Amino acid sequence: MLVLGIESSCDETGVALISDTEGLLADALHTQIDMHRAYGGVVPELASRDHIRRAVALADVVLEKADRKRSDIDAVAVTEGPGLAGALLVGASVGHAIGWALDVPVIGINHMEGHLLAARLADPKPEFPFLALLVSGGHTQFMKVEAFGKYELLGETLDDAAGEAFDKTAQLLGLPYPGGPAVSALAEKGTPGAVELSRPMIHSPNLDMSFSGLKTSVLTAVTKAEAPNDETFRADLARGFVDAVTDVLSQKLIRAMRMTKMTEVVVAGGVSANKQLRAALTDVVRRRRGRIYFPPMRLCTDNGAMIAAAGLARLQSMTPEEIEACRRSTSFGVKPRWSLAGR
Ligand code: ATP
Ligand code: MG
Ligand code: FE
């Protein structure tokens, strides 16, 4: 079975082809980062328009890379939510149009399920059940994953996501959007402990977190500094920020492993590309004789491969009647707000 996956929830158009027997055959990505940079963040209308320009062209690119024809596609998976409504509608429209034209089923995928399953595109791949930390631009959640499709939310951020804190900190430091890679590169030049930032909720007796206070303490540090533009100060501040985020997530992961008694851990989402965080969490898990898994580096942030992979897994879990119902369906929608699991 050959599945075409399409991701368009935010500022990346991602398309990929996955086969049930041969794995990921090809993927292609167009990021709009340069387009949105001038505005310091994603402009929804510009994002939608650009997805329109890219989606079909990228589908042709992956077919060519994989040396397959359109008629070889057996099913299409699209990101149904969460994300920007207009951006989601573009990917869903293109996906459903392809599905109707080819007379194949189209299924809607939760973007966060995609991030989570991207870890299964790595080698070795995690087997169910596992404990998951989803850490991205819009989410920071601990989840118990019993099996494919069985997600239990254990705790999450009560305000900003960790990725959002990276992006806002970057803005305060005058670094380009998106902030994650820039802040973490600057942090590598800083001295640990030179700037200590608050770690809200680090000792709260649950798996909830808070990152908006951290952004405020970065702002306070910048405002109070005698020379806020001094390179050493900026690097130390970035280092203090990354260490605070890493510390909170490490402590919460220790608590989550203790609470669930699970030792197989998956960390996914854009911030899981962070080297300092990867190193710290790997250490936490190894010390507890567990195993930790991350998506391949380039599949941590948004991409089509994760949607194709989640789509294939969903199709394999459906009955022939359910798949047939998808094929015959003549309507579709998107879910801009859609949580993968409730408590
Ligand atoms: P969501 O997936 O929650 O809907 P999103 O799709 O915008 O949100 P992702 O694509 O998963 O988020 O990740 C983007 C986020 O990851 C941004 O906030 C970005 O700053 C952050 N990020 C990317 N690379 C790194 C890195 N190396 N270090 C830290 N953060 C990073
Ligand atoms: Mg993005
Ligand atoms: Fe994402």
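The values are calculated or read from the model by the stated rules, or taken from the named source; none is laboratory data. Everything numeric here is computed off the predicted structure, so don't read it as measured data. So basically every Cβ, Gly included, is an ideal-geometry build from the backbone, and we count neighbours across all protein chains shown.
Residues in the range 259-286 that are charged (D, E, K, R) and in a helix (DSSP H, G or I) were compared, and the one that is nearest to ligand 1 (Cβ to nearest atom) is K275. Being among the aliphatic types (A, V, I, L, M), within 14 Å of ligand 2 (Cβ to nearest atom), within 27 Å of P336 (Cβ to Cβ) and touching a residue at least 40 places away in the same chain (Cβ under 8 Å) holds for only one residue in V42, V62, V15, V76, and it is V42. Restricting F233, F211 to those that are surrounded by 13 or more Cβ atoms within 10 Å (Cβ to Cβ) and in contact (Cβ under 8 Å) with a residue 60 or more places away in the chain reduces the list to F211.
Working carefully through the options L88, L29, L63, L84, find the one that is farther than 30 Å from G174 by Cβ, at pLDDT 95 or above, among the hydrophobic types (A, V, I, L, M, F, W, C) and touching a helix residue (DSSP H, G or I) at 6+ places or on another chain (Cβ under 8 Å).
L63
Quick check on my filter: what residues within the range 152-181 are within 23 Å of N303 (Cα to Cα), within 16 Å of the chain's Cα centre (by Cα) and not acidic (D, E)? Matches in the range 152-181: A161, A162, G163, A165, F166, P178, G179, G180, P181.
Scanning for something touching a residue at least 24 places away in the same chain (Cβ under 8 Å), away from ligand 1 (no atom under 16 Å from the Cβ) and within 17 Å of the chain's Cα centre (by Cα), does the range 293-301 turn up at least one residue?
Yes; the residues of the range 293-301 include at least one that is touching a residue at least 24 places away in the same chain (Cβ under 8 Å), away from ligand 1 (no atom under 16 Å from the Cβ) and within 17 Å of the chain's Cα centre (by Cα).
Evaluate the range 242-257: report whether one residue or more is over 30 Å from T13 (Cα atoms), outside any helix (DSSP H, G or I) and either in the same structural domain as S19 (by TED's automatic domain parsing) or touching a Ser or Thr at 6+ places or on another chain (Cβ under 7 Å) (or both). No: zero hits. Of the residues screened, L121 is one that is within 16 Å of ligand 3 (Cβ to nearest atom) and over 22 Å from K335 (Cα atoms). Screening the range 287-343 for residues that are hydrophobic (A, V, I, L, M, F, W, C), in a loop (DSSP other than H, G, I, E, B) and in contact with a helix residue (DSSP H, G or I) (Cβ under 6 Å, 6 or more places away or on another chain) and picking the one that is farthest from E80 (Cα to Cα) gives F294.
Just one of the listed residues (A309, A273, A341, A238) is outside the structural domain of A92 (by TED's automatic domain parsing) and either of a type outside the set (A, V, I, L, M) or more than 27 Å from T191 (Cβ to Cβ) (or both), and it is A341.
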